[in-house]
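K.L.:
Can you read through this structure? Questions will come right after.
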């Protein structure tokens with residue numbers, strides 16, 4: 001992205017040519033990879049032409065003329081926002097999400113909306129009403145989820161920048177499986193206004209790109225207090241640290257049990273790289289990690305069950321064609337509108353909030369959440385960052401886990417505790433296993449995005465994992 | 001054997017707070033607008049829209065809490081109350097379940113017989129109103145109007161402290177007066193600004209336990225509360241005396257038939273799946289916020305009552321009536337501030353003014369006689385410029401005119417005859433003109449004095465003071 005900006009500035013090519021380059025890649029590869037739900041060719045070229053016509057005058061925004069793709073849960077005025085659901089397949093929001101508005105104001109040119117798991121519920125992008133997204137490194141593999149479309153679009157060079165959202169790992173896991181860099185910011189760092197809710201206390205929008213420095217630049221365009229989101233934090237902007245700072249990096253070896261041996265090897269090498277950079281590695285303990293998954297699924301499903309109550313066929317979204325009465329209309333519309341995984345979560349969530357079960361599930365899960373958070377806060381008394389794996393294995397095969405929800409949920413083993421604690425974490429590539437990229441996480445204390453990104457930038461200055469790209473032209477033809 | 005039954009009643013009042021905008025969105029609150037024009041993204045529950053709490057609603061709730069001497073929560077939580085209904089756009093209502101903003105308080109309720117009942121307020125919490133379903137406008141279809149959705153409500157819940165329908169109605173009336181006093185609700189019952197639910201049960205007199213209760217929903221006038229509760233008390237007693245059982249249920253009052261009827265059949269209690277709304281952080285109410293609300297509050301009725309008694313030497317009962325609503329109190333204070341005697345002013349306001357308002361179906365917010373006019377009238381009575389009869393005359397005039405009291409007195413020559421010589425001349429001439437009656441009086445028929453007084457009043461065109469005339473006559477006739 002740095003290069004694109006320089007080239008645009010030097011007029012090596014125009015914003016229109018740049019946009020056209022990405023649109024051409026999308027039309028060449030999207031059929032097979034399926035990472036876009038909506039491509040806004042017209043809007044994109046119009047906007048790029050605008051920049052070209054005023055070039056050199058007022059176009060000083062940092063991301064001026066740079067293409068971007070928005071995950072299809074960010075509302076975009078005039079363009080469909082589907083959440084990859086039959087329920088919203090023809091929904092056109094009358095407004096822009098704060099993230100969309102802010103990135104637009106910083107000069108980005110939107111290419112369109114990326115595929116995702118339905119309502120962001122999934123870890124493989126197989127729950128999308130618009131079909132699964134394929135991993136650009138191996139088309140039989142999943143790209144991860146729920147921001148699978150965004151990760152695959154960046155990995156396959158269909159966009160240099162993408163927005164994603166992360167509830168239990170939805171930015172970090174697909175970034176890891178597709179070999180791109182993605183940040184889940186601290187809960188409250190990025191406005192949720194206009195980002196269709198899955199689990200409100202966990203959802204957090206964030207940037208995805210090839211490198212940590214690009215992720216930083218996109219974060220700078222997205223972040224900041226928003227009076228329209230009561231949970232948005234009024235904190236100062238992310239500032240990158242001075243380079244050459246020596247950090248203490250925590251290393252939670254105990255949670256590596258069950259981790260793919262080859263992935264563990266990659267993380268080991270990354271650890272050595274950090275030591276070589278002058279950082280100190282220190283062993284840390286992260287308690288309650290196992291319990292975190294259960295707590296996460298109770299809490300996120302509980303919130304989802306009521307967040308999705310508004311899709312009742314009354315005001316917008318899918319309404320069943322024929323119904324006997326009101327209750328029948330609700331039942332049919334929701335039965336037809338939602339996919340299996342969404343229904344599963346609504347049912348579990350409704351159950352855990354019901355009288356007689358609330359204490360045993362919801363309240364207990366809240367207690368675990370507090371313990372997980374306390375565990376991290378204790379760890380951060382002694383370390384600046386924590387280095388951890390992102391996924392237990394590289395990208396798995398499509399349709400291999402979609403009948404085994406519990407196994408699927410375990411994909412988020414390493415990302416969920418961070419989400420429950422509301423912490424920032426950067427997922428960045430650190431190697432390959434069987435030709436598939438694998439990533440690692442750099443986790444920081446609340447609002448320490450600067451330190452987290454600084455660590456990632458330093459690592460990427462001395463490694464080139466993030467510069468590897470799948471040979472799509474060879475596998476798919478161009 | 002005849003059982004004496006004791007009714008036990010508690011009420012819940014939904015008070016629409018008179019904020020500029022809705023409780024969780026910036027939409028202006030407006031009654032009677034075209035359907036759905038007062039509903040924005042948040043009110044329509046658009047995907048991705050989020051609630052932001054309106055500080056004005058919080059301030060009003062705190063104001064109410066302070067006025068009833070309740071504890072204000074330092075931290076309170078907004079919960080989601082989940083249920084599906086077409087006029088509930090999010091599929092849940094944002095309300096407060098376990099931690100209401102206002103805790104336990106007290107309300108002094110003035111009854112018609114002049115006595116006072118202390119009613120405990122259990123709690124008051126903030127929540128959003130739903131929209132409206134319109135069933136009668138489209139054939140075979142129901143219309144949804146979301147203008148009202150998100151209007152702030154303060155739900156006030158009392159303890160079951162009331163023992164009669166009249167007490168329940170008086171409690172509703174007192175709460176109505178209080179929220180109007182505090183200027184947190186327009187009090188317009190016809191537009192639904194305050195709605196009352198009444199929980200009614202009966203028990204044999206002397207019992208301390210509670211009988212099974214029913215809830216009458218959405219009653220929107222004081223009179224209907226009294227009627228509905230009375231009907232329900234009779235219905236329950238009738239069932240119990242015939243060996244039946246009361247079924248816990250929700251009932252509705254039909255004013256045209258003056259009866260309550262069951263809204264739904266017997267059912268399991270609803271499970272609203274309350275849980276803290278993750279879109280809203282816990283609300284912290286700081287001492288400085290509380291203090292600033294307190295500083296912005298008007299003097300409370302109770303404090304004002306005490307002050308009236310202490311400063312003006314009027315009875316507690318009269319002071320209680322003067323402070324039963326803010327308009328009366330303000331009217332009284334303005335009149336007294338213009339120099340009128342307090343007791344005499346109070347008598348006029350609660351007597352002649354009240355009667356005239358009643359006659360014209362107006363209320364104290366809309367008295368046609370200004371405080372200045374009333375003060376002048378009272379002053380002219382006090383300094384005996386006007387007789388009490390003429391004062392009533394002048395009052396009738398200023399009821400429909402802006403003319404000053406003194407102008408009326410001068411224009412119509414109503415000044416009371418206070419000049420002793422002039423008056424005794426007048427009395428003398430009446431005595432001279434009625435020798436026959438004078439004879440009768442001297443013969444012992446003292447009642448006839450009244451006739452002569454009447455003649456003097458007539459001759460003075462009402463300007464003489466009858467008591468003074470009476471004295472003069474008696475002296476002149478040596479009786």
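Only the coordinates and a few stated rules stand behind these numbers; no lab work does. Not measured: the values here are computed from a predicted model. We place every Cβ from the backbone using ideal geometry, glycine too, and count neighbours over all the protein chains shown.
K.L.:
Using a/c under 1.5 as the rounded threshold, could you call region A:325-460 rounded, prolate or oblate? The axes a ≥ b ≥ c are square roots of the C-alpha gyration tensor eigenvalues, and prolate needs a/b larger than b/c, oblate otherwise.
P.N.:
The shape class here is oblate.
K.L.:
While we're on this one: Using a Förster distance of 25 angstrom, determine the FRET efficiency expected from the C-beta separation of residue B:302 and residue B:359, and round it to 0.05.
P.N.:
Efficiency, rounded to the nearest 0.05: 0.25.
K.L.:
Out of all DSSP beta bridges in the protein assembly as shown, what portion is antiparallel? Express it as a percent rounded to 5.
P.N.:
Bridges in the protein assembly as shown that DSSP calls antiparallel: roughly 85 percent.
K.L.:
P(r) for region A:108-196: what percent of alpha-carbon pairs falls in each 10 Å bin, starting at zero?
P.N.:
In whole percents, the pair-distance histogram is 20, 53, 25, 2.
K.L.:
Under the rule a/c < 1.5 gives rounded, and otherwise a/b versus b/c splits prolate from oblate, where does region B:381-479 land using the Cα gyration tensor?
P.N.:
Prolate shape, in that a/c is at least 1.5 and a/b is the bigger ratio.
K.L.:
A follow-up question, please. Under 20 Å from a point 7 Å along the Cα-to-Cβ line of residue A:294: which residues of region A:336-367 have their amide N that close?
P.N.:
Under cut-off, by backbone N: A:345-367.
K.L.:
Where does each of A:323, B:95 land when they are ranked from fewest to most other beta-carbon atoms within 10 angstrom?
P.N.:
Arranged by neighbour count, lowest to highest, A:323, B:95 become A:323, B:95.
K.L.:
Provide Rg over Rh for the protein assembly as shown; use the alpha carbon set for both Rg and the Kirkwood Rh (inverse mean inverse pair distance).
P.N.:
Rounded to two decimals, Rg/Rh equals 1.17.
K.L.:
Here is a further query. When only alpha-carbon atoms count, how far does region B:420-476 stretch along each of its three principal axes, as whole angstroms with the largest first?
P.N.:
For region B:420-476, the Cα spread along each principal axis is 29, 19, 18 Å.
K.L.:
Roughly what % of Cα-Cα distances in region B:324-429 sit above 25 Å, to the whole percent?
P.N.:
Everything past 25 Å amounts to 23 percent.
K.L.:
If each of residue A:49 and residue B:191 carries a label point 7 Å out from its Cα toward its Cβ, how far apart are those two points in nm?
P.N.:
Result for the modelled spin labels: 5.1 nm.
K.L.:
Can you tell me, using C-alpha contacts under 8 Å and at least 6 residues apart, the relative contact order of region B:299-412 as a whole percent?
P.N.:
21
K.L.:
Could you give the Stokes-Einstein D for region B:273-377 in µm² per second, using the C-alpha Kirkwood radius, 10 °C, 1.306 mPa s?
P.N.:
99
K.L.:
Let me ask something additional. Between residue A:433 and residue A:324, what FRET efficiency follows from the Cβ-Cβ distance if R0 is 60 Å, with the result rounded to 0.05?
P.N.:
0.65
K.L.:
Under 25 °C and 0.890 mPa s, how fast does region B:5-289 diffuse according to Stokes-Einstein, given a Kirkwood radius computed over C-alpha pairs? Answer in µm²/s, whole number.
P.N.:
The Stokes-Einstein estimate is 123 µm²/s.
K.L.:
With label points built 7 Å along Cα→Cβ from the Cα atoms of residue B:478 and residue A:225, find their separation and express it in nm.
P.N.:
9.8
K.L.:
Can you show me the helix-derived [θ] at 222 nm for the protein assembly as shown, built from DSSP H runs with n ≥ 4 at -39,500 (n - 2.57) apiece and divided by the number of residues, rounded to the nearest 500.
P.N.:
-11500 deg cm²/dmol
K.L.:
Could I ask something else about it? Starting from the eigenvalues of the Cα gyration tensor, five times each then square-rooted, give me the equivalent ellipsoid semi-axes of region B:63-118, largest first, whole Å.
P.N.:
32, 17, 7
K.L.:
Using a 7 Å offset from the Cα along the Cα-to-Cβ direction at both residue A:61 and residue B:467, what is the distance between the two label points in nm, to one decimal?
P.N.:
The modelled label-to-label distance comes out at 8.6 nm.
K.L.:
Go ahead and run the numbers for FRET between residue B:118 and residue A:357, Cβ-Cβ distance against an R0 of 56 Å, rounding to 0.05.
P.N.:
So the FRET efficiency works out to roughly 0.85.
K.L.:
If you average the C-alpha positions of region A:372-403 and of region B:451-468 separately, how far apart do those two centres end up, in angstrom?
P.N.:
So the two Cα centres are separated by 104 Å.
K.L.:
Please report Rg over Rh for chain B, where both radii come from the alpha carbon positions and Rh follows the Kirkwood definition.
P.N.:
On the Cα set of chain B, Rg over Rh gives 1.12.
K.L.:
If I stretch the segment between residue A:240 and residue A:272 completely, what's the gain in nm (0.36 nm per residue apart, minus their alpha carbon distance), one decimal?
P.N.:
That pair, residue A:240 and residue A:272, stretches by 9.2 nm at full extension.
K.L.:
Once you keep just the Cα pairs under 8 angstrom separated by 6 or more residues, what percentage relative contact order results for chain A?
P.N.:
About 18 percent, as a whole number.
K.L.:
Which whole-number percent of Cα pairs in chain A have a distance greater than 35 Å?
P.N.:
The share of Cα pairs beyond 35 Å in chain A comes to 26 percent.
K.L.:
Something else about it: Within region B:462-479, which residues have the backbone N less than 14 Å from the label spot 7 Å out from residue B:429 along Cα→beta-carbon, could you tell me?
P.N.:
B:462-464
K.L.:
Which parts of region B:145-188 would a label at residue B:311 reach, counting a residue when its backbone N lies under 19 Å from a point 7 Å out along Cα-to-Cβ?
P.N.:
Of the residues in region B:145-188, B:181-182 have backbone N under 19 Å from the label point off residue B:311.
K.L.:
Answer rounded, prolate or oblate for region A:207-312, using the Cα gyration tensor with square roots of eigenvalues a ≥ b ≥ c: rounded when a/c is under 1.5, else prolate when a/b is larger than b/c, else oblate.
P.N.:
Because a/c hits 1.5 or more and a/b fails to exceed b/c, region A:207-312 counts as oblate.
K.L.:
Also, I was wondering about something else. Which percent, nearest 5, of DSSP beta bridges in chain A are antiparallel?
P.N.:
Within chain A, antiparallel bridges account for around 70 percent of the total.
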